[in-house]
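Participant: Got a structure for you, questions after.
Every number here is computed from the coordinates shown, using simple stated rules; none is lab data. Since the model is a prediction, treat every value here as computed from it, not as a measurement. Please note: Cβ atoms are built from the backbone with ideal geometry, for glycine as well, and neighbour counts cover all protein chains shown.
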Amino acid sequence: MKLYLAGWKSVSLIDVKGKATFTVWLCGCNLRCPFCHNWRLADRHEPPCHWVGVERVLWELGHAARLVDYLHVTGGEPLIQADALRELFRGSPVPCSLNSNLTMPGRLRILVGLIEHAATDLKVPWRVMTGGASERLWRNWLESLEILAREKITVELRIPVPRNIHGYLEALKKALSEASRRLRNTTWYIVVNPLLGPPHTDPRDREWCRRHCSPGRELVNEVAGLAKRYAKTYVNAIEPYRASGRPVEAASAL
Ligand code: SF4
């Protein structure tokens, strides 16, 4: 079987909090998030997207296996290629981690016995942050959290933080409450990711990002304060930036 992918990195220290991973980027996505900085993968641009046999990826993974904690698959949206992904996970010599938008619970079900860790964004407000995805997909996301919790899969819940969104904190509080109810029977933690715009990233919609990326330090701290009421929380700042006139501290645990 083949995977439609953009590439892999043999040892990455930034894709799963506190872990070394062999990371694979798959192409294609069913959402159109305006802040997406992997939009070329999501939109299947060639290059970088191309077909590679599962066996070839496993061969590369074999050489890095003793150096990594996880095989981590991200994208794009990996569940679009659930069948080939199952073959990849089945052949992996290390535990598997999936980064997904979790809007396809039916496809997630065929992989759950093969994964130990999952990462997903808490996109709030849902329609704004997904480029107009339906409420049905939001319900699918919640259903997927239930599936992960039932299978005792560790969940890394990522909060991408935008600015200038009316009612953001209230909406986030409600969404966090809904997510935490689904996750209470498994291990989970939160990573707060301030949305960075150019020149740090190359977002799909630069005009959207001009208005909504680079939140100020106060908002990021408010989000982190809210998040830590629910689970252990980390704050990521990929690089110090100055949206509020002051740099955000480098990654820290609250
Ligand atoms: S951010 Fe993720 S879910 Fe959204 S378009 Fe990009 S790859 Fe897809």
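Participant: With each run of n ≥ 4 DSSP H residues scored as -39500 (n - 2.57), what mean residue ellipticity at 222 nm is computed for the chain after dividing by its residue count and rounding to the nearest 500 deg cm²/dmol?
Facilitator: Roughly -9500 deg cm²/dmol at 222 nm, from the helical runs in the chain.
Participant: Suppose every Lys and Arg Cβ carries +1 and every Asp and Glu Cβ carries -1, with no other charges. What dipole size does the range 2-253 come out with about its Cα centre, to the nearest 20 debye?
Facilitator: That gives a dipole near 520 debye.
Participant: Something else: How many angstrom lie between the C-alpha centres of the range 6-31 and the range 152-206?
Facilitator: Result: 19 Å between the Cα centres.
Participant: On a 0 to 90° scale, report how tilted helix 217-227 is relative to the longest principal axis of the chain, with both axes built from alpha carbons and the result rounded to the nearest 10.
Facilitator: 60 degrees
Participant: A further question follows. Under 5 Å between amide hydrogens, which residues at least 5 positions from L3 or on another chain qualify, with H placed 1.01 Å from N in the peptide plane?
Facilitator: Placed amide hydrogens put V52, G53, V54 under 5 Å from L3.
Participant: Still on this structure, please answer the following. Helix 168-183 sits at what angle to the longest principal axis of the chain, using alpha carbons and giving 0 to 90 degrees rounded to 10?
Facilitator: 40 degrees
Participant: How many nm is it between the label spots at R150 and R66, if each spot is 7 Å from the Cα in line with the beta carbon?
Facilitator: 4.0 nm
Participant: Could you tell me the convex hull volume per residue, in Å³, taken over the Cα atoms of the chain?
Facilitator: Convex hull of Cα atoms, per residue: 116 Å³.
Participant: Name the residue farthest towards the positive end of the dipole of the chain from the options F89, P199, T103, assuming +1 on Cβ of Lys and Arg, -1 on Cβ of Asp and Glu, about the Cα centre.
Facilitator: T103
Participant: Sequence gap of 8 or more, or different chains, plus Cα separation below 24 Å: how many lysine pairs satisfy both in the chain?
Facilitator: 23
Participant: Using label points projected 7 Å from each Cα along Cα→Cβ, tell me how many nm separate R44 and R136, to one decimal.
Facilitator: Going from the R44 label point to the R136 one covers 2.1 nm.
Participant: Going by Cβ distance under 4.7 Å, what cysteines of the chain have no possible disulfide partner?
Facilitator: Singleton cysteines: C29, C96.
Participant: What's the FRET efficiency of L13 with A82 using the Cβ-Cβ distance as r and R₀ = 30 Å, to the nearest 0.05?
Facilitator: Efficiency computed from Cβ-Cβ geometry: 0.65.
Participant: Separate question: Starting from the 7 Å offset along Cα-to-Cβ, what nm value, one decimal, do you get for the label separation of R56 and T201?
Facilitator: Each label point lies 7 Å from its Cα, and together they span 3.0 nm.
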